[in-house]
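See structure below.
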Amino acid sequence: MRLKNKIKLLIFMVLIYLPLIVFAHNFDSEDALPNENSSNVESWNIHAQFTHTTQWHPTFDTKCDANQFYCMSGRVQRKQTNDATIYFGARLWSDAELYINTEVDEGFGLGDTHGIAGFSSGESYKLGKPYPYIRTQRFFIRQTINLGGEDQHLDSLANQLAGNRQSDNLILTVGKFSLVDIFDSNTYSHDPRNDFLNWSIVDAGAFDYAGDAWGYVYGVAGELNKGEWSFRGAFVNLSTEPGAVHTDMTFNQWSTVGEVEKRYVYEGHEGKIKVLGFLNHGRMADYRDALALGGVPDLSLVRHDTSKIGIAINLEQSISSNIGLFARFSVNDGKKETWDFTDINKSFSFGASFKGEIWGRTLDKVGLALANNDLSDAAKDFFEKGGMGVLIGEGPHLRYSSERIMEAYYSIHMKDWCNVTVDYQYIQNPAYNPQNQDISIFGVRVHFAI
């Protein structure tokens, strides 16, 4: 990043974000608007976060030319991203809330977010820029309908007003949001600002969830919570084309997602199992149709109205107050091109999270995870013939192998509002190409939040 752009970013953060952070930190939102007869119910709130992530890798052997294809450069490479968010929430009427998230982003992922199907940083978007730019990433209304059960108090958090609700409820969300705000969540692996970074570890790798280049969509979602069960569903728009900046506001290209969650207690320790299914419908290509044209296959020449389906299973299990385990398995039909997430047709990941109380650092955290990503037979043939996907495409090559990933991180608690994380990833057969030497990726993440 050039010094001039660094100065621009710093000035922007100071002038725009610092006053809002100080205001949110010192002002009592309960005095701002009339509350609902409870000192524990917020009428509005403001929260903020800033995350800096740097990743680098040493030299490695590759036969792919990064100037022509979607692959990682074999030369030493260091890239960084910065993002800052203001989360604003306001109570509209009884149990209805409005949330607006304004974000400033800057920077690039390694290889400009290309060259690895299970990409190395969830803080890197498909579209990077060398200067800070501002976007409204979320703008939605959430309506809660209480249906009975135990009374619950909600703390003041980003995108959550302090208040009260019943444990059995129906929650409706309408507007702009991310599907993974609601689906495929996991206590131990779902937040690239606080735990793992790798795309195929923080999310189900074969869950080709709808989203623009930053992962956000327009639509409606519902969540029914009843006792030990939760049922979720959503209808949203797809991007106009794979990995595009814009989503299809006509909703001619759309996605629907459903998820069932069962909570349980095993020998005194809480656990969850979730089963998710999705269907994407739009003008997408079949790999075999592209291959039938001969030569280097081009997906853009054979797109037509069709659908793609997939499923994901998500498990989490507490072992003690300081140790938790997680696992995900996901698969999609593999016949159609990847649309909005990444070039994975089957994925399995599992890992563990450890709290620092074990070694006398109560608020520190350690994570260790493994992931195995695969392509379908049709996708293998497509990429071996030189086809280009959303994140990968290394030109014609004759061999294929599973992409295997190991990630470990240590999150150091500095202050209640700051943590620093060191991260290491080892990636075998990046982009499924065994001709590429295995890559070691080192990372540092600094996260502030109030």
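The values are calculated or read from the model by the stated rules, or taken from the named source; none is laboratory data. Remember, it's a predicted structure, so these values are computed and weren't measured experimentally. All Cβ positions, glycine included, derive from the backbone under ideal geometry; neighbour counts span all protein chains shown.
Quick notes on this one:
- From GLY233, GLY215, GLY205, residue being at positive phi and either assigned to a strand (DSSP E or B) or not aliphatic (A, V, I, L, M) (or both): GLY215
- Matching residues in the stretch 108-147 - criterion: being surrounded by 23 or more Cβ atoms within 10 Å (Cβ to Cβ), among the polar types (S, T, N, Q) and either in contact with a helix residue (DSSP H, G or I) (Cβ under 8 Å, 6 or more places away or on another chain) or within 30 Å of GLY222 (Cβ to Cβ) (or both): SER120, SER121, SER124
- Scan of the stretch 343-389 for residues that are part of a loop (DSSP other than H, G, I, E, B), surrounded by fewer than 23 Cβ atoms within 10 Å (Cβ to Cβ) and not acidic (Asp, Glu), ordered by number: GLY360, ARG361, THR362, LEU363, SER376, LYS385, GLY386, MET388
- Residue match in the stretch 326-342 (condition: assigned to a strand (DSSP E or B), of a type in the set (Phe, Trp, Tyr) and more than 22 Å from TYR209 (Cα to Cα)): no
- Beta carbons closer than 8 Å, at least 6 apart along the sequence or on distinct chains, pair a first residue in the stretch 325-337 that is among the β-branched types (Val, Ile, Thr) with a second that is not in a strand (DSSP E or B) for VAL331/ALA206; VAL331/ASN345.
- Selection from the stretch 392-413 of residues that are hydrophobic (A, V, I, L, M, F, W, C) and modelled with pLDDT under 95: ILE392, LEU398
- One residue stands out in the stretch 281-301 among those that are outside any helix (DSSP H, G or I) and within 30 Å of the chain's Cα centre (by Cα): the one that is farthest from PRO242 (Cα to Cα), namely PRO297.
- Just one of the numbered conditions (1) under 22 Å from the mean Cα position of the chain (by Cα); (2) modelled with pLDDT under 95 is not true of GLY277: (2).
- Scanning the stretch 151-168 for residues that are crowded, with 18+ Cβ neighbours inside 10 Å and touching a Gly at 6+ places or on another chain (Cβ under 8 Å) returns ASN159, LEU161.
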